[in-house]
Amino acid sequence: EDQVTQSPEALRLQEGESSSLNCSYTVSGLRGLFWYRQDPGKGPEFLFTLYSAGEEKEKERLKATLTKKESFLHITAPKPEDSATYLCAVQWGSGGSNYKLTFGKGTLLTVNP
Amino acid sequence: GAGVSQSPRYKVAKRGQDVALRCDPISGHVSLFWYQQALGQGPEFLTYFQNEAQLDKSGLPSDRFFAERPEGSVSTLKIQRTQQEDSAVYLCASSPDGPNNQPQHFGDGTRLSIL
């Protein structure tokens, strides 16, 4: 069973058409939930960290929210340059091994002009 | 630049050859991580260093994989007797102080192809 599940796997939007990406997790003892953006041939680029349910963070057209079992990445009025794969990752657990990131498979977002 | 730097960007090797991948973390970052990313998948944890100490190598797929960070800065991931299933992008990440809750900043990876 996957510990981090992202949906949808792929999403096509028209420029200006707002939508949301979902990241659900089954781990216990969440320490932090991270959103990254990854462009083809590049490494993941850090976007947000969320630590507790109810927390929200915004950056330009992106807003990330967190509940007890999932996070949403809302994209408002997207532009073609927002096209990328969006990755969700969690740090979880107690003790000395809660530093590693467990990633979902990502959502491939395409924004058409 | 101020980011994580990885070299080479691309590496092609024949099955059975040894390869070495280099990572230059952000200056002053204590924690360094290696991840493996297969096509269409998210990165998967391989190993973690805090300064020069390798505190976790639980994600290394086999004893053919070896990582070091002798002076607490640059790190090298070595793969011996490469196999076709080793083909993937190898990502390095670093974070400032202790590892917990800190965002990890990634390099652009080394794309390894084993023929």
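Things to note:
- Mean-position separation - Cα centroids, the range B:1-66 and the range A:59-113, in angstrom: 23
- Among the GluC sites (Glu not before Pro) found in the range A:52-92, those both in a DSSP coil and sparsely packed, with 14 or fewer other Cβ atoms within 10 Å of their Cβ, are A:E60.
- Using a Förster distance of 41 Å, the FRET efficiency for B:S113-A:E55 (Cβ separation, nearest 0.05): 0.50
- Within the range B:12-62, trypsin sites (Lys or Arg not before Pro) in DSSP loop having at most 10 other beta-carbon neighbours inside 10 Å: B:K14
- For the range A:1-104, the calculated P(r) over all alpha carbon pairs, in 5 Å bins from 0 to the bin holding the longest distance, is 2, 12, 24, 25, 19, 11, 5, 2, 1, 0 percent.
- Neighbourhood net charge (11 Å Cβ-Cβ; Lys/Arg +1, Asp/Glu -1) for A:W92: +2
- Within the range B:57-113, GluC sites (Glu not before Pro) in DSSP loop having at most 11 other beta-carbon neighbours inside 10 Å: B:E71
- Rg/Rh for the protein assembly as shown, where both radii come from Cα atoms and Rh is the Kirkwood radius: 0.97
- Accessible-area value, A:D2, 1.4 Å probe, nucleic acids and ligands omitted, Å²: 90
- Listed cross-link partners A:K69/B:K57; A:K42/A:K79; A:K42/A:K105 are compared with a 18 Å cut-off, the Cα-Cα value being larger for A:K69/B:K57; A:K42/A:K79.
- Rounded to the nearest 20 debye, the dipole size of the range B:4-115 about its Cα centre is 480 debye, using +1 on the Cβ of Lys and Arg and -1 on the Cβ of Asp and Glu.
- Normalised by the number of residues in chain B, the average gap of Cα pairs under 8 Å and 6 or more apart makes the relative contact order 37 percent.
- Chain A, relative contact order in percent, only Cα pairs under 8 angstrom and at least six apart counted: 37
- Here the ratio of the Cα radius of gyration of the range B:5-98 to 2.2 N^0.38 Å is 1.03.
- Here the calculated FRET efficiency for A:K42 and B:D97, from their Cβ-Cβ distance with R0 = 41 Å, stands at 0.95, rounded to the nearest 0.05.
The values are calculated or read from the model by the stated rules, or taken from the named source; none is laboratory data. Fair warning: this is a prediction, and the values are worked out from it, not measured in the lab. Heads up, the Cβs are rebuilt from the backbone with ideal geometry, glycines too, and the neighbour counts pull from every protein chain shown. The protein model used for the area step is the full one, side chains on, heavy atoms only, and it has no ligands, DNA or RNA in it. Shrake-Rupley method; radii C 1.70, N 1.55, O 1.52, S 1.80 Å.
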